[in-house]
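Working notes for the structure below.
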Amino acid sequence: MLVPEPVIAAREIHRVLAPGGRAAIAVWGPRDRNPWLGALLDAVSSRTGAPVPPPGIPGPFSLDAVETVAGVLERAGFTDVEVHEVAVPFVCGSFDEWWTVVPSLAGPIARVLAALPADVVDAVRTQAREALVPFATTPGYTIPGLSLVAAARRGSPRVASGGLRSCVQRRDTAVTRSGGERVPPPLTPFVIHI
């Protein structure tokens, strides 16, 4: 989602996978279904008069449709492509916590905010706070978010199925719980953002 040529990036993932290997890829869904970030981008755009991100620059919502993600992976040579919507709400204890976290996650926006006069930053902050009022809870905020999670296979004869579960790594050693019980190691999921 943050690369200028998503198909080229996906082809590189495809290239380095073993035959039959699977990849899991996550991108953000539509901007209107991610107000945890959209509120900030909208406020910055409104107060600066410039679209965020600028036209022609890949942004967090540049691959925001199931069909788009599936198409990128298929054009890159993947087979057995599945794309699922996954709710990922942003939960925080206060607007100030949101304001501390979200601008820092969006590096280019943090730089824009740092360059703006204090009164404009205050206006951005006020507009974002107003946009997030519908998501206020006691205590804090639960702000909707949506990720599109895709699983795809490097073309070859089909190997054991398992959907997204085949996109996990197992640690080599077992875990010992208090009391001496040994249990299988935990699964460690991995996701590649493109």
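Brief remarks on what is shown
- Neighbourhood net charge (12 Å Cβ-Cβ; Lys/Arg +1, Asp/Glu -1) for residue 122: +2
- Taken about its Cα centre, region 1-68 carries a charge dipole of roughly 140 debye when the Cβ of each Lys and Arg holds +1 and the Cβ of each Asp and Glu holds -1.
- Net charge, residue 35 excluded, C-beta distance under 14 Å - Lys, Arg +1, Asp, Glu -1: -1
- Each Lys or Arg adds one and each Asp or Glu subtracts one; over the other residues with Cβ under 15 Å from the Cβ of residue 16, this totals +4.
- Solvent-accessible area of region 1-126 (1.4 angstrom probe, protein heavy atoms only): carbon and sulfur portion equals 60 percent.
- Between residue 133 and residue 15, the FRET efficiency from the beta-carbon distance, with R0 = 41 Å, is close to 0.30.
- For residue 116, residues with placed amide H under 5 Å, excluding near neighbours: none
- Simple label model, 7 Å out from Cα along Cβ direction - residue 100 to residue 7, nm: 4.5
- In this structure region 49-93 gives 52 Å² per residue of accessible area when probed at 1.4 Å with all protein chains present.
- Here the spin labels are modelled as points 7 Å beyond Cα on the Cα-Cβ line, and at residue 85 and residue 142 they lie 1.8 nm apart.
- The label-point distance for residue 110 and residue 74, in a model that sets each label 7 Å from Cα toward Cβ, rounds to 3.8 nm.
- Once the Cα gyration tensor of region 30-148 is diagonalised, semi-axes √(5λ) in Å: 29, 19, 10
The values are calculated or read from the model by the stated rules, or taken from the named source; none is laboratory data. The structure displayed is predicted, hence computed values, not measured ones. For neighbour counting, all protein chains shown are included, and Cβ atoms are generated from backbone atoms with ideal geometry for every residue, glycine included. Note: accessible area is taken over every heavy atom of the protein model, side chains too, but ligands, DNA and RNA are not part of it. Shrake-Rupley method; radii C 1.70, N 1.55, O 1.52, S 1.80 Å.
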